[in-house]
1. Report, by residue number, each residue of segment 89-107 that is open to solvent by less than 60 Å² (accessible area, probe 1.4 Å) and not aliphatic (A, V, I, L, M).
2. Restricting to segment 107-141, name every residue that is modelled with pLDDT of 85 or more, of a type in the set (Gly, Ala, Ser) and either touching a Leu at 6+ places or on another chain (Cβ under 6 Å) or on the phi > 0 side of the Ramachandran plot (or both).
3. I need a count of the residues in segment 13-32 that are surrounded by fewer than 16 Cβ atoms within 10 Å (Cβ to Cβ), under 17 Å from the mean Cα position of the chain (by Cα) and acidic (Asp, Glu).
4. Residue by residue through segment 113-143, note down the ones that are part of a strand (DSSP E or B) and among the aliphatic types (A, V, I, L, M).
5. Hey, Asp62 hits all of (1) among the charged types (D, E, K, R); (2) in contact with a helix residue (DSSP H, G or I) (Cβ under 9 Å, 6 or more places away or on another chain); (3) modelled with pLDDT of 70 or more; (4) assigned to a loop (DSSP other than H, G, I, E, B) but one; which does it fall short on?
6. Check Arg47, Arg7 and return the single one that is out of contact with any Leu (no Cβ under 9 Å at 6 or more places or on another chain), modelled with pLDDT of 65 or more and outside any loop (DSSP other than H, G, I, E, B).
7. Regarding Ser87, is this residue touching a helix residue (DSSP H, G or I) at 6+ places or on another chain (Cβ under 7 Å) and either more than 19 Å from Met166 (Cα to Cα) or at pLDDT 85 or above (or both)?
Amino acid sequence: MDSEAGRRTIIDFFLIAVLSLPEFNHVLEGDTERAVEVHTMTPQGRRALTGRPDYHIGHAYDRELEDRGALATRFTVVEAKMGPLTSSDYRQTFGGCAQVYKERRDSGLPNRRVFGATTNAEDWRFIVIDNDGACYRSAFVHVELDRRTRVSWTDIERVYQALYFMIRAADSISSI
């Protein structure tokens with residue numbers, strides 16, 4: 001796959017397939033390129049972590065209530081990368097999830113788990129930050145997208161199942 005737009009289209013198909021399931025009853029929505037910013041005080045002064053994750057998925061909310069945006073987010077897919085995934089791509093995903101985790105923790109929400117994925121549409125790696133702030137990441141899930149080979153439905157199913165599991169888990173453990 002030679003373009004970011006093509007890769008994002010594949011990511012979109014996976015996310016739309018999961019979010020359109022009747023069990024989510026239109027209570028979840030996706031945002032793209034939404035700015036997220038959290039602040040903390042350190043001995044050196046005020047620090048900010050800012051970013052624009054490519055995708056945020058969370059409970060639908062009133063767009064007028066901007067301060068609830070990050071709190072509503074349960075699942076973050078960061079960056080539609082063009083080339084092979086690198087450690088800086090994973091750091092970006094963890095950073096996006098950490099922003100959401102911190103805001104949820106500071107708001108006193110009992111379930112602070114945040115899920116994420118780093119992908120170039122072919123390689124997928126999933127992460128979770130648990131209630132205690134511990135971070136975990138999965139092994140790679142690979143979908144062969146080379147035009148010269150046949151697409152494996154098993155690979156597609158594995159990505160779909162992983163996305164479904166994470167979105168379902170995020171939806172069920174945490175509400176606004």
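The values are calculated or read from the model by the stated rules, or taken from the named source; none is laboratory data. Predicted model only: the values in this text are computed from it and were never measured. All Cβ positions, glycine included, derive from the backbone under ideal geometry; neighbour counts span all protein chains shown. These area figures cover heavy atoms from the full protein model, side chains too; ligands, DNA and RNA do not enter into them. Shrake-Rupley method; radii C 1.70, N 1.55, O 1.52, S 1.80 Å.
1. Selection gives Asp89, Tyr90, Thr93, Phe94, Gly95, Gly96, Cys97, Gln99, Tyr101, Lys102, Glu103, Arg104.
2. Those that are modelled with pLDDT of 85 or more, of a type in the set (Gly, Ala, Ser) and either touching a Leu at 6+ places or on another chain (Cβ under 6 Å) or on the phi > 0 side of the Ramachandran plot (or both): Ala121, Gly133.
3. 1
4. Val114, Ala117, Ile127, Val128, Ile129, Val141
5. (3)
6. Arg47
7. Criteria not met by Ser87.
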